[in-house]
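Chemist: The structure under discussion is supplied below as structure tokens; questions concerning it will follow.
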Amino acid sequence: MNEAFIGRKIIPHMLLILVGLLFLAPFAWLLLTTFKTEEEIFVIPIQWIPTEWIWDNYVNAVNMIPFIQYTWNTVVIALMSVAGVVILSPLVAYGFSRIQFKGRNILFILMLSTLMLPMQVTMIPLYVVFNKVNLLNSNWPLVLSAWFGTGMAYNVFLIRQFFNGIPMELTESAKIDGASEFRIYAQIVLPLAKPALLTIGLFTFLGAWGDFQGALIYLNDQETWTLSIGLKQFIRENGVAWGPLMAAATLFTIPIIVLYFFVQKKFIEGITITGLK
């Protein structure tokens, strides 16, 4: 094993493993804390491995709050958000990428400029609008914000970059054969964009799953709460139920890890391809 091989392969991989362990440490501490007693959680120096593995924290996490109801509410909002984004974003992106019309570039720049608007600027106007149309305390403000919010501009930009990398000759030949614009989009362009669609779908799901501020603003009744704001119920007047809270936070995090594990290949492919176009 020569020095060049060590410098090119061994050392970079060791550094990546070290950085990976640093990022893994907080989740490892969270997971191990779910099996500890209240005293072991705050012992100093930190005790990583519990002396006695306690499973009651998970039972209490599910029973102390309507955990199943909050999970269902979160899943519904996340899936509705993903469905709308995956349907609408490619349509808009196709128009900016493949259809020539007057003012296309100006409209595209105006759309991208919405990315500079922070949520704090649009929060009050949006609340007033949703209040006027009687949509408060329902899933629709959160879902519509995902469909038409500032995140949509990023999704359109990402897919437009992907569409721009598809040869124009492919769609032009289809037009010569008599295919309509929508048929070209649905049967030729869209199937090629699966990695990009999966990427924006994952981004949208992550945003909807962990959204705290939006749920806190629009969801008032406890029955409509999501997991992100439901976790605050472990903070009681007489203290914080740290063990069940850590267990609930772990259950809240695991679906994201499992999802990313199954889609990571396509996700990385989508990011790589759209970044190169």
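Chemist: Separation between the Thr51 and Ile254 pseudo-spin-labels, each 7 Å from Cα along Cα→Cβ, expressed in nm?
Modeler: 2.7 nm
Chemist: A further question follows. May I ask you to rank Tyr70, Tyr127, Tyr58 by accessible area, largest first, using a 1.4 Å probe over the protein chains only? Walk me through the intermediate numbers first.
Modeler: Working: Tyr70 0, Tyr127 80, Tyr58 40 Å².
The ranking, largest first, comes out as Tyr127, Tyr58, Tyr70.
Chemist: So what does log10 I(q)/I(0) come out to for the range 101-192 at q = 0.17 Å⁻¹, using the Debye formula with one equal point on every Cα and no solvent?
Modeler: -0.89
Chemist: In degrees, nearest 10, range 0 to 90: what is the angle between the Cα axis of helix 242-276 and the longest Cα principal axis of the chain?
Modeler: 20 degrees
Chemist: Now a separate question. Before I look further, what does the chain give for accessible area per residue, probe 1.4 Å, in whole square angstrom? All intermediate terms of the calculation are to be shown ahead of the outcome.
Modeler: Values: 16480 Å² over 277 residues.
Result: 60 Å² per residue.
Chemist: Could you derive backbone 3J(HN,Hα) for the range 9-18 from the dihedral phi with the Karplus parameters 6.51, -1.76 and 1.60 (θ = phi - 60°), listing whole Hz in sequence and x where the residue is Gly or Pro?
Modeler: Once rounded to whole Hz, the list reads 10, 5, 5, x, 5, 5, 5, 5, 5, 5.
Chemist: So how do Lys232, Lys194, Lys36 rank on accessible area, 1.4 Å probe, biggest first, that is with the largest at the start?
Modeler: Lys194, Lys232, Lys36
Chemist: To continue, here is another question. For the range 1-125, what class follows from the C-alpha gyration tensor (a ≥ b ≥ c being the square roots of its eigenvalues): rounded when a/c is under 1.5, otherwise prolate if a/b is larger than b/c, else oblate?
Modeler: oblate
Chemist: How much space per residue, in cubic angstrom, does the convex hull of the C-alpha atoms of the range 122-277 take up?
Modeler: Once divided by residue count, the hull of the range 122-277 is 153 Å³.
Chemist: Using DSSP to call loops (not H, G, I, E or B), can you name the GluC sites (Glu not before Pro) in the range 127-191 whose Cβ has at most 15 other Cβ atoms within 10 angstrom? Provide the component values of the computation, followed by the final result.
Modeler: Numbers: sites: Glu169, Glu172, Glu181; in loops: none.
Listed in order of number, the matching sites amount to none.
Chemist: Modelling each spin label as a point 7 Å along the Cα-to-Cβ direction, I'd like the Met119/Val59 distance in nm, to one decimal.
Modeler: If labels sit at Met119 and Val59, their model points lie 3.7 nm apart.
Chemist: Right, next: Roughly how tilted is helix 194-209, in degrees to the nearest 10 and between 0 and 90, from the longest Cα axis of the chain?
Modeler: Roughly 40 degrees between the two axes.
Chemist: How would the chain be classified by its alpha-carbon gyration tensor: rounded, prolate or oblate, with rounded meaning a/c under 1.5 and the a/b versus b/c comparison settling the rest?
Modeler: Here the chain falls in the oblate category.
Chemist: Rounding to the nearest 10 and keeping the result within 0 to 90°, find how far the Cα-based axis of helix 104-113 lies from the longest principal axis of the chain.
Modeler: 10 degrees
Chemist: Keeping to pairs on different chains or 8 or more places apart, tell me how many lysine pairs in the chain have Cα atoms under 19 Å apart. Display every interim value, and only then the final one.
Modeler: On the way: Lys194/Lys265; Lys194/Lys266; Lys194/Lys277; Lys265/Lys277; Lys266/Lys277.
Counting lysine pairs in the chain gives 5.
Chemist: Sticking with this one: Full-extension gain between Glu223 and Val76, please, as 0.36 nm times their residue separation minus the C-alpha to C-alpha distance.
Modeler: Numbers: separation 147, 0.36 × 147 = 52.92 nm, distance 1.34 nm.
Value of the extension gain: 51.6 nm.
The values are calculated or read from the model by the stated rules, or taken from the named source; none is laboratory data. The shown structure was predicted, so the numbers you read here are calculated from the model rather than taken from an experiment. For neighbour counting, all protein chains shown are included, and Cβ atoms are generated from backbone atoms with ideal geometry for every residue, glycine included. In case anyone asks, the SASA skips ligands and DNA or RNA and just uses the protein heavy atoms, side chains included. Shrake-Rupley method; radii C 1.70, N 1.55, O 1.52, S 1.80 Å.
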